[in-house]
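Written out below as structure tokens is the structure these notes cover.
The values are calculated or read from the model by the stated rules, or taken from the named source; none is laboratory data. Just so we're clear, the structure is a prediction, and the values are computed from it rather than from any experiment. Virtual Cβ from ideal backbone geometry, glycine too; neighbours counted across all protein chains shown. Ligands, DNA and RNA are excluded from the accessible area calculation, which covers all protein heavy atoms including side chains. Shrake-Rupley method; radii C 1.70, N 1.55, O 1.52, S 1.80 Å.
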Amino acid sequence: MNDGDVRSMTHDLVITDGLLVTPEGTFRGSLGIADGRIAAIVDTRLDGREVIDARGRVVLPGTVDLHAHFNEPGRTHWEGWAHGSRAAAAGGVTTVVEMPLNAIPPTTTLEALEAKVTAARAHSVIDFALWGGLITDNLEHLPDLARGGVIGFKAFMTETGTPEFTHVEDGILSEGLRRLNGLGHFLAVHAESNSITRDRTEGLRAQGRRDRRAWAEGRPPAAELEAVHRAIFLAREAGCRLHIVHMSLPEGVEAVRRAREAGQAVTVETCPHYLTLTDEDLVRLGPVAKCAPPLRDQRRQEGLWQAVLGGVIDCITSDHSPCPTEDKARGEDDIWAAWGGITGIQTLVPLLLTEGVHRRGLSLDRLALLVAANPAKIAGLWPRKGAIRVGADADLLIVDMDREWQVERSWLRSRHPHSPFIGWKMQGWITHVLRRGQTIARDGEVTVDGGGEWLPSGASPAAVRPE
């Protein structure tokens with residue numbers, strides 16, 4: 001179809017006169033959408049059966065969150081696909097890659113994968129892909145999970161807090177990396193040294209420490225940095241592609257940068273809470289800000305921002321890890337008793353618009369890479385997901401960049417609406433969220449029930465760093 005045909009056809013939906021953030025640059029124009037996909041990108045007007053006027057608005061690709069926990073099946077009372085996907089949609093996440101643990105059973109066998117797909121198909125309002133798990137006793141299940149459609153595998157180098165999903169010591173980790181390389185797959189790791197965190201934590205608890213600062217002291221930067229170096233080494237020896245999740249240390253990012261310069265296939269993510277909260281916020285806020293790795297000091301936070309702005313960090317994910325409010329509240333006087341995780345999928349994009357784009361000059365092009373294109377490439381979902389380009393799914397956000405607003409508990413769509421960001425002033429309001437050309441959220445209100453589509457891995461993603 002030539003340019004004239006595209007301009008003269010009547011599309012299912014047209015988004016007119018928006019500032020379009022595309023891989024080819026940011027410019028004012030219009031989008032034509034047909035059959036759920038982007039059919040035209042032009043600098044003039046188009047005809048459509050439905051029209052959304054985006055004048056004065058920015059149009060971004062829908063966010064691909066590479067790291068979230070929805071806890072279903074088995075722990076649906078913690079969150080579930082219905083609540084988790086609605087929180088995602090309200091915050092501008094149109095595709096989620098959901099983690100294998102905190103469900104019962106965890107996604108460590110083909111049967112467990114099938115159970116999770118069934119639950120997600122029944123309730124999710126956003127499209128989804130799934131991680132498989134590598135634990136101590138499921139090496140023989142890795143081929144079935146790979147054939148079953150997981151996009152990659154996740155392992156913990158330290159205890160998880162959920163007995164169904166065991167952490168792996170070096171022997172299993174090394175063998176798992178070798179087998180995944182043979183399957184054409186890759187491994188994501190939670191990199192903290194189990195020996196260091198266990199010994200530090202036991203020592204602090206023996207001293208009677210239950211204060212909030214003890215949580216961070218029990219998981220010091222050395223525990224994360226040692227595990228990052230070890231994971232990079234073992235992945236290099238196995239020839240396996242590696243992804244390091246929720247990096248909290250600029251020193252760890254530097255280790256990744258050096259490994260890439262040496263030719264190794266390794267990517268890295270960080271999260272908004274490491275970019276916006278510090279260890280002092282853990283002391284001030286308490287359990288609602290407890291996570292692993294823990295929040296770090298302001299100097300390290302600044303170092304992470306420099307890595308983000310400099311293009312060294314590949315993507316920013318939510319690590320949405322919700323729990324019942326009572327599981328946070330029980331840690332008010334004993335920090336060890338609280339569940340460690342941030343409820344953050346709905347605030348992912350607003351925080352980056354506010355703290356990144358407005359406050360620190362993060363470009364819209366770079367934002368789109370961090371939350372859409374690069375995670376889609378890492379997960380093997382590109383070019384269907386991750387960008388405003390002809391032929392891609394019409395997953396889109398329309399944003400009023402100037403509107404100021406405040407995070408209120410009533411805005412949160414999670415089953416248990418607690419967040420360290422309640423009361424925060426934001427700049428940048430998402431007016432429309434589209435999934436495959438259908439508006440699924442408007443002004444924070446989710447407008448559909450269900451309809452999310454499973455995105456099984458059809459082929460292993462290329463072992464190259466996304467750009």
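Per-residue packing, averaged as other Cβ atoms within 10 Å, sorts the ranges 57-70, 384-397, 273-286 into the order 57-70, 384-397, 273-286, beginning with the highest. With Cα atoms defining each centre, the stretch 131-159 and the stretch 311-340 are spaced 23 Å apart in the structure. Which of 38, 103, 139 sits farthest toward the positive end of the charge dipole of the stretch 27-151, with +1 on the Cβ of Lys and Arg and -1 on the Cβ of Asp and Glu? Of the listed residues, the answer is 38. Taken per residue, the accessible surface of the chain reaches 35 Å², heavy atoms only and a 1.4 Å probe. Peptides 119-131, 411-423, 22-34 ordered by packing proxy, namely the average of other Cβ atoms within 10 Å per residue, highest first: 119-131, 411-423, 22-34. Amide H contacts of residue 67 (H built 1.01 Å from N, in plane; Pro and chain starts excluded): 97, 318, 319 sit under 5 Å, all sequence-distant by 5 or more or on other chains.
Placing unit charges on the Cβ atoms only, positive for Lys and Arg and negative for Asp and Glu, gives the stretch 177-316 a dipole magnitude near 340 debye about its Cα centre. Only bridges whose two residues both fall in the chain count here: according to DSSP, what percent of them are antiparallel, nearest 5? That works out to approximately 50 percent antiparallel. Packing, as the average of other Cβ atoms within 10 Å across residues, places the peptides 236-249, 39-52 in the order 236-249, 39-52, highest first. Counting only DSSP beta bridges whose two residues both lie in the stretch 371-444, roughly 100 percent are antiparallel.
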